[in-house]
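Here, each number is a calculation from the coordinates, and none is a lab measurement. These numbers come from a predicted model, not from an experiment. Here the Cβ positions follow ideal geometry from the backbone for every residue, glycine too, while neighbour counts run over all protein chains shown.
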Amino acid sequence: MITVLAGGTGSIKLIRGLVSQGCDISVVSNVADNFWLYGLYICPDIDTVIYGLAGLLDLTRGWGIRGDTFECLKQIQNLREHAWFKIGDKDLATHILRTAMLKNGKSLSCITEFMRQRFSILSRILPATDDPIETRISTNKGEMHLQEFWVKNQAKPAILGIRYEGIKAAESNREVIKAIKNSKLVIVAPGNPVTSIGPILAINGIKKTLAEEREKIIAVSPIIADAAISGPAVKYMKAIQIEPSAFGVAEFYYQIASNFVISKGDVSSARRISNLGTRVHETNIVMQTAEDEQRLATYLLNLHLG
């Protein structure tokens, strides 16, 4: 069994690649992107994994359901409301059912398992915690939820700080701890280290368990040289004084990952990462096609077996 720590739109690519190799996968999903909108509970990272593994993901956008329509959203705009978060009509059904189940006392884990079965997905999808946590961005325009910063405000405000609201009270999902301990390999997907993976590591018990299992953990860099493969990782890293480089990510993970995979030719980072006591490996980490996803997945599996 393989456990993958995942968040953001890049993680699903690697997850698909691993599934294509016949791997038994447990996905530990970030939940700090979750938020309430129009009275509905939205779980962007969980839903990206669900739609991605169900073969429904809109690959052009990297989120939502392929071929979805937006008639409900248009009507919200007709009512003079600012519809800044794009929820498709089919996607809306997921949020409506999830919210109804939450209000009936079901846990997020239970609801996610229900969705997994309804979408005929074989891989397990485990919310990192059932407790509510949110990534909050402090800016020169005030504090706001990560989604408001990234989507509504297009990441334009200056970042003054980042915090995970509710993190002190959040308890790790017991199934996540079991999955980490029982897996032969744990992979930290190339997600944003601050807002996709960082909240998972901050949940009580998870980082400690990962540190205990460090020898079987491989992390993949989301950074090539000093630029993110996609998304605002560099901006977030600078905001909390993490060097915006593959080395910076490796240093952030060194307590939990014994192996770190970087872009081929990133020589400067390779030398510095080795000095952390982390084994560094170089390959093509960009995933633009299904073949790329399978290639990187095969590389990681061979790295583990080797």
Checklist entry - With region 217-292 as the region, which strands (runs of 3 or more DSSP E) entirely inside it contain at least 3 residues that are under 21 Å from the mean Cα position of the chain (by Cα)? => result 217-220, 259-263
Next on the checklist: Contact list please: Cβ distance under 8 Å, first residue in region 116-145 and under 20 Å from ALA233 (Cα atoms) and without any contact (Cβ under 8 Å) to a residue 24 or more places away in the chain, second residue of a type in the set (A, V, I, L, M) and surrounded by fewer than 21 Cβ atoms within 10 Å (Cβ to Cβ), pairs at least six apart or on different chains.
Outcome noted: THR139/ALA158; THR139/ILE159; THR139/LEU160; ASN140/ALA158; ASN140/LEU160
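Is it the case, given these coordinates, that SER269 is in contact with a strand residue (DSSP E or B) (Cβ under 6 Å, 6 or more places away or on another chain), closer than 30 Å to ALA158 by Cα and crowded, with 22+ Cβ neighbours inside 10 Å? It would help to see each step written out before you state the result.
Working: in contact with a strand residue (DSSP E or B) (Cβ under 6 Å, 6 or more places away or on another chain): yes; closer than 30 Å to ALA158 by Cα: yes; crowded, with 22+ Cβ neighbours inside 10 Å: yes.
Judged against the criteria, SER269 is a match.
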Next on the checklist: Tell me yes or no: at least one residue of region 65-80 is buried (at least 21 other Cβ atoms within 10 Å of the Cβ), hydrophobic (A, V, I, L, M, F, W, C) and farther than 15 Å from ASP91 by Cα.
Outcome noted: no
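Might you check whether a residue that is of a type outside the set (Phe, Trp, Tyr) and free of Cβ contacts under 8 Å to residues at least 12 places away in the same chain occurs anywhere in region 179-190?
In the first step, residues of region 179-190 are kept if they are of a type outside the set (Phe, Trp, Tyr); the result is 179-190.
Checking which are free of Cβ contacts under 8 Å to residues at least 12 places away in the same chain leaves us with none.
The answer is no, given that none of the residues of region 179-190 is of a type outside the set (Phe, Trp, Tyr) and free of Cβ contacts under 8 Å to residues at least 12 places away in the same chain.
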Checklist outcome for this item: Matching residues in region 87-134 (charged (D, E, K, R) and under 12 Å from ASP47 (Cβ atoms)) number 4
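Suppose we filter ALA179, ALA239, ALA202 for residues that are of a type in the set (A, V, I, L, M, F, W, C) and closer than 20 Å to LEU301 by Cβ; which single one remains?
Answer to the check: ALA179.
Among the residues of region 19-30, is there at least one that is without any contact (Cβ under 8 Å) to a residue 12 or more places away in the chain and outside any strand (DSSP E or B)? Give the derivation first.
Our first condition is that a residue be without any contact (Cβ under 8 Å) to a residue 12 or more places away in the chain; within region 19-30, this holds for 22.
Still in the running and outside any strand (DSSP E or B): 22.
Within region 19-30, one or more residues are without any contact (Cβ under 8 Å) to a residue 12 or more places away in the chain and outside any strand (DSSP E or B).
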Checklist entry - Of the residues ILE2, ILE111, ILE42, which is closer than 27 Å to LYS178 by Cβ, in contact with a helix residue (DSSP H, G or I) (Cβ under 8 Å, 6 or more places away or on another chain), touching a residue at least 40 places away in the same chain (Cβ under 8 Å) and surrounded by 15 or more Cβ atoms within 10 Å (Cβ to Cβ)? => result ILE2
Checklist entry - Quick one: would you say ILE96 is loosely packed, with under 15 Cβ neighbours inside 10 Å, in contact with a strand residue (DSSP E or B) (Cβ under 8 Å, 6 or more places away or on another chain) and touching a residue at least 24 places away in the same chain (Cβ under 8 Å)? => result yes
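Take ASP58 and tell me if it is surrounded by fewer than 24 Cβ atoms within 10 Å (Cβ to Cβ), of a type in the set (Asp, Glu) and in contact with an Asp or Glu (Cβ under 8 Å, 6 or more places away or on another chain).
On the way: surrounded by fewer than 24 Cβ atoms within 10 Å (Cβ to Cβ): yes; of a type in the set (Asp, Glu): yes; in contact with an Asp or Glu (Cβ under 8 Å, 6 or more places away or on another chain): yes.
Yes, satisfied.
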Checklist entry - Which fully enclosed strands (runs of 3 or more DSSP E) of region 127-196 have 1 or more residues being buried (at least 23 other Cβ atoms within 10 Å of the Cβ)? => result 134-139, 185-188
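Restricting attention to region 234-252, which residues are among the hydroxyl-bearing types (Ser, Thr, Tyr) and surrounded by fewer than 22 Cβ atoms within 10 Å (Cβ to Cβ)? Write out each step before concluding.
Within region 234-252, the subset among the hydroxyl-bearing types (Ser, Thr, Tyr) is 236, 245.
If the condition is that a residue be among the hydroxyl-bearing types (Ser, Thr, Tyr) and surrounded by fewer than 22 Cβ atoms within 10 Å (Cβ to Cβ), then no residue fits.
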